[in-house]
Amino acid sequence: METIKRKQPRGKCETNVTDENQKTSAQTKSSKGTRHHNEELGDFTTTLRVVPISCLAMVIGVLCAFVALVLLRLIGLFTNLFYFGRWNTAMVSPAGNHLGYYSVFIPIGGALIIGVMARYGSERIRGHGIPEAIEAILINGSRVEPKVAFLKPISSAISIGSGGPFGAEGPIIMTGGAFGSMIAQLFHLTSAERKTLLVAGAAGGMSATFATPVAAVLLAVELLLFEWKPRSLIPVALASAVAAVARRYLLGFGPLFPVPEHPLFIGPKALLGCALVGLLAGILSALLTLSVYAAEDAFQHLKIHWMWWPAIGGLAIGIGGLIFPQALGVGYDTIGALLEGSVTTKVILGVLLVKWFIWSVSLGSGTSGGVLAPLLMMGGALGGMEAMFLPNEGAGFWPLISMGAILGGTMRSPFTSIVFAFELTHDANVFLPLLVGSVIAHAFTVLTLKRSILTEKVARRGFHLSREYAVDPLEILFVREVMRSNVVALSATATAGETLKKVNTDHRQTQRLLPVVDGEGKLVGVLTRRDIRERIELEGDAALGRPLRDFVRASTVETRPDEILRVVVYRMAEKSVTRLPVIEPATGKFLGLVSLDDLLKARARHLEEERRREQTLKLKFFFPGKRADLPVR
């Protein structure tokens, strides 16, 4: 038994070869091999597989544009049928109805229909839409039942058309995602590829509904993909772009809420106002989230089946509609009026109080509808109040900033909220104010709430979702930085008997995997003490005199010093091993071992970077010598 000790400064390995020329030659070959391998390592891991997936995604984008058209037409149809008794698919507001007190029963009737559809059709149609899409990605392998693709838009159209204070974006995200998942399931794809196509459908649906292709992609990245990789970003972006183009022929051009351009420069005082808007929006975001789940908790205590809960939420909608009719429906007209600065204080208070109440109660009851449009409406109302005391920067300026901030705080997706607000209005001058307001609102809710209004529902179903993206420490460290070179290696010519005797007498030796090398230090194979004992038990004393090269395992899983640790972890998981021998790629010589314990060193380094605090630059660097102005005591 021989102990091989090799030190590895900066990836170079010392060997016991006496011929300096051979040593230099081996190092040169190793260096060339390392350079070649490093050239293979790239910034991204995407392959040509992204091309066919992108083609499927673009087909899904076109399909989702038609799905968005159908959903909007269904909302218009049910609104006209329920409130005006006419067959028309044009988008109208329920606020113009003349039903009087009878209008209270319309949301109740619509909610009863949704309850029946959810119980006997699919329970997946309940809720916002986005949490359900997240759950399908995380839990169901990105597989969505086909019936959800048909029941979700119908239930959402009935909910909104009967006065529900919701938006169309959540349902279209779930519906588009369902169609994307259905198409993906028709092909032989991995779960990751199905996820990409599901999210492509969700982004395509949102892009076609709001004419916001870039915001749809950002929402996918910040909320649905759980990664930032070209393999998913490229197909999703292409699907969103194609859906936006198709929308222009089906629904017309954007923006959805055109506004006059606001000043490019607003000054320090107004920027401080944006910070205040962000803070107030963060407070409102937290309160909105808490109110929705407080209502959900209250419904959980009811002794009746959940099928009847939406009807109770419908009663709240009906009563709220009598008090403030503008709170009913998607409220696009009210949002437009807020951005134009042409609303009264009564409307602002009505949106903040009545819309908030009926939205939180009905959403907590488990009905079907989205959250983006209501958030825009309530954020705009908050901005309308703030415009009464903040500097005048043009009509609708503060409602617009507050809308973006409320989205950034409630959905925890600040970049999506900034671009979304821009694409809804096409006012490029508000990027800086939106950045200030959205990020501060985001900071407030991140510090005060554990989860957002979208991920709280997923957490309540027993799952944890982390939305922080960072480079894996295993991605930036090489095997040579963590491997052990001071290890025991066995000679291939040593007999099993003498090796087993030495191993049994050396109680200090705890190494489990024993590499076997030849006279030149090249790896022959690996074995364990158990392998030797089992072979001796099987063959008897005849095995004691046989060389170790006859005992090595049939196949050896190896690694190289210039491989990154992520690759090693994946190889260990794939081959079900916890230790790998490290060999020199040019010569095949054994260099050391790497185990799971060694891989933890990368995590330990990352934890140290996160937690260790130190002052690396002293003031005396700038002021050398003694301080003459300080008295000596």
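For the stretch 113-133, filtered to residues that are in contact with a Pro (Cβ under 7 Å, 6 or more places away or on another chain) and on the phi < 0 side of the Ramachandran plot, the residue that is surrounded by the most Cβ atoms within 10 Å (Cβ to Cβ) is 114.
Restricting attention to the stretch 304-345, the residues that are without any contact (Cβ under 8 Å) to a residue 40 or more places away in the chain and under 11 Å from residue 377 (Cα atoms) add up to 1.
Among the residues of the stretch 94-123, the ones that are under 17 Å from residue 166 (Cα atoms) and at pLDDT below 90 come to 1 in all. One residue is enough: does the stretch 127-137 have a residue meeting the conditions charged (D, E, K, R), within 30 Å of residue 352 (Cβ to Cβ) and in contact with a strand residue (DSSP E or B) (Cβ under 8 Å, 6 or more places away or on another chain)? Looking for residues that are charged (D, E, K, R), within 30 Å of residue 352 (Cβ to Cβ) and in contact with a strand residue (DSSP E or B) (Cβ under 8 Å, 6 or more places away or on another chain), one finds none in the stretch 127-137, hence no.
Residues of the stretch 563-594 that are in a helix (DSSP H, G or I) and either under 16 Å from residue 481 (Cα atoms) or outside the structural domain of residue 489 (by TED's automatic domain parsing) (or both): 565, 566, 567, 568, 569. Restricting 379, 364, 384 to those that are within 18 Å of residue 107 (Cβ to Cβ), small (Gly, Ala, Ser) and at pLDDT 90 or above reduces the list to 364. Residues that are in contact with a Lys or Arg (Cβ under 7 Å, 6 or more places away or on another chain) and assigned by TED's automatic domain parsing to the domain that holds residue 330 number at least 2 in the following helices (runs of 4 or more DSSP H) confined to the stretch 341-411: 372-386.
Is it the case, given these coordinates, that residue 207 is in a helix (DSSP H, G or I) and touching a strand residue (DSSP E or B) at 6+ places or on another chain (Cβ under 6 Å)? In short, no. Do we find that residue 459 is under 19 Å from the mean Cα position of the chain (by Cα) and part of a loop (DSSP other than H, G, I, E, B) in this structure? Against the criterion (under 19 Å from the mean Cα position of the chain (by Cα) and part of a loop (DSSP other than H, G, I, E, B)), residue 459 does not qualify.
Would you check if there is a residue in the stretch 257-280 being crowded, with 17+ Cβ neighbours inside 10 Å and among the charged types (D, E, K, R)? Within the stretch 257-280 (the criterion being crowded, with 17+ Cβ neighbours inside 10 Å and among the charged types (D, E, K, R)), the answer is no, since none of the residues qualifies. Can you name the residue in the stretch 561-593 that is within 13 Å of residue 526 (Cβ to Cβ) and free of Cβ contacts under 8 Å to residues at least 24 places away in the same chain and, of all such residues, is surrounded by the most Cβ atoms within 10 Å (Cβ to Cβ)? By that ranking, first place goes to 580.
Okay, residues lined up against (1) closer than 17 Å to residue 317 by Cβ; (2) assigned to a helix (DSSP H, G or I); (3) in the same structural domain as residue 222 (by TED's automatic domain parsing); (4) in contact with a strand residue (DSSP E or B) (Cβ under 9 Å, 6 or more places away or on another chain):
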| residue | (1), (2), (3), (4) |
| --- | --- |
| 76 | no, yes, yes, no |
| 91 | no, no, yes, no |
| 108 | yes, yes, yes, no |
| 114 | yes, yes, yes, yes |
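In the stretch 255-262, the count of residues that are part of a helix (DSSP H, G or I), touching a residue at least 24 places away in the same chain (Cβ under 8 Å) and either in the same structural domain as residue 382 (by TED's automatic domain parsing) or in contact with a Phe, Trp or Tyr (Cβ under 9 Å, 6 or more places away or on another chain) (or both) is zero. Which residue pairs have Cβ atoms closer than 7 Å, lie 6 or more positions apart in sequence or on different chains, and pair a first residue in the stretch 378-389 that is without any contact (Cβ under 8 Å) to a residue 60 or more places away in the chain and buried (at least 24 other Cβ atoms within 10 Å of the Cβ) with a second residue that is assigned to a helix (DSSP H, G or I) and β-branched (Val, Ile, Thr)? Within 7 Å, the pairs are 380/335; 381/348; 381/351; 384/348.
Filtering the stretch 84-111 to residues that are over 17 Å from residue 332 (Cα atoms) and touching a residue at least 24 places away in the same chain (Cβ under 8 Å) leaves 101, 103, 104, 105, 106, 107, 108, 109, 110, 111.
The values are calculated or read from the model by the stated rules, or taken from the named source; none is laboratory data. This is a predicted model, so every value here is computed, not measured. A quick note on method: Cβ atoms are made from the backbone with ideal geometry, for glycine too, and the neighbour counts reach across all protein chains shown.
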